[in-house]
Amino acid sequence: MKKSKKIKKEVLKNLLCKKDAQKIVDAENFERVTVSFYKYIEIKDTQKMRDNLWRAWSKLNCFGRIYIATEGINAQMSVPEHNWEQFKKELYAISEFDNVPFKIGIIQDSKSFWKLAITVKKNIVADGLEFGEYDIENIGKHLTAADFNAAMNNPETVVVDMRNQYESEIGHFDGAMCHDVDTFRDQLPMVADDIADKKHKKLLLYCTGGIRCEKASAYFKGKGFTDVNQLHGGVIAYKHQVEEQGLENKFLGSNYVFDGRDKENIGGQIISHCHQCGELSDRHVNCKNKSCNLLFLQCEKCAEKMTTACSKKCKRVASWSDEKQKKYYRKHSTGSQKQFSKSLRPKQSLAKKSPIKKFISLFK
């Protein structure tokens, strides 16, 4: 009796560990294009779309972090420069994504991503809203960089940063409202409450690439705001237009990006401070103690002194063997994570006992 041949199952995910993936990228002898794009469009079979994109982009050696949902696509990617035209041709050939606008990274770096990860999600941006709370087709007016600058010159205009606090901390538009939140879902109702008495004023919204503002503008219009506007293409597009058209730059500091580059400096200045010594710094790191993993600002000197830890206790934990750290993580990670938010921003100088200093004092 003949034995039936085993059918090899198609693997549609990256199986390399980060270390091995980084080695491959480091050995590359070509340039990559860092690009982001999104589109709100109905995708009926999200899993099929996800798998088809994986096959196509794997062949083109693309990396990135992509979310697929029934409401559309949200992608941040690294595409080999020599495959760029083919990438665009194949993407535009998909009816749902025909002529989707690209936001090209301001600062190009081959190490923006290390692998390809495409995930099916409930939403392409987690907003925490129930179906019917907003009409995604009823969005605010798209503004160019020039339009946005002109609107900002009116002192009655309300400018709101729709990004999280660890993003706005290192860079924001001059005079914008920035909220101490870690998630978009927390920010939406908070902003609505803060500006509830300004429903008839001109509202300007901005974010990194524009995707959060699409939902935010629809949400605020649903709340009764009459003059809702958004920076089309976000801070990324703003920077390009400012340079190409010779416009005044009203963005202070750096633009936080969600890839290996960490940030893109916009105006040449640094406006944020190291959470440990108070020196100017826009360098985000995660605490080396994996049980903590706090995202915070740390300058190069403090990183060397503290071995990229946020506190003396975390520095000690991070020095332990891998096995001992794993045991500590299993015991403490869940409880520890509840003691602080994803990130912390000092509201005062360190000399005046900022929240980060108070936090660190807990572990001395």
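FYI, it's all coordinate maths here, none of it is from the lab. This is a predicted model, so every value here is computed, not measured. Don't worry about glycine lacking a Cβ; one is built from the backbone with ideal geometry, like all the others, and counts go over all protein chains shown.
In the neighborhood of Lys121, defined by Cβ-to-Cβ distances under 13 Å, what is the net charge if each Lys or Arg adds +1 and each Asp or Glu adds -1? Net of charged neighbours comes to +1. The convex hull of the Cα atoms of the range 141-245, projected and averaged over all directions, covers 6.0 nm².
Ignoring aspartates and glutamates fewer than eight residues from Lys13 along the same chain, the ones with Cα atoms less than 17 angstrom from its Cα are Asp51. In the structure shown, the pairs Lys121/Lys202; Lys199/Lys263; Lys288/Lys331; Lys121/Lys288; Lys48/Lys141 are assessed against 23 Å; a Cα-Cα span above that value is assigned to Lys121/Lys202; Lys199/Lys263; Lys121/Lys288; Lys48/Lys141.
Could you compute the FRET efficiency for Thr144 and Asp182, with r as their C-beta to C-beta distance and R0 at 25 Å, rounded to 0.05? Step by step, r from the Cβ atoms, then E = 0.25. For Lys290, the aspartates and glutamates whose Cα falls under 18 Å of its own Cα, not counting residues fewer than eight places away in the same chain, are Glu304, Asp322, Glu323.
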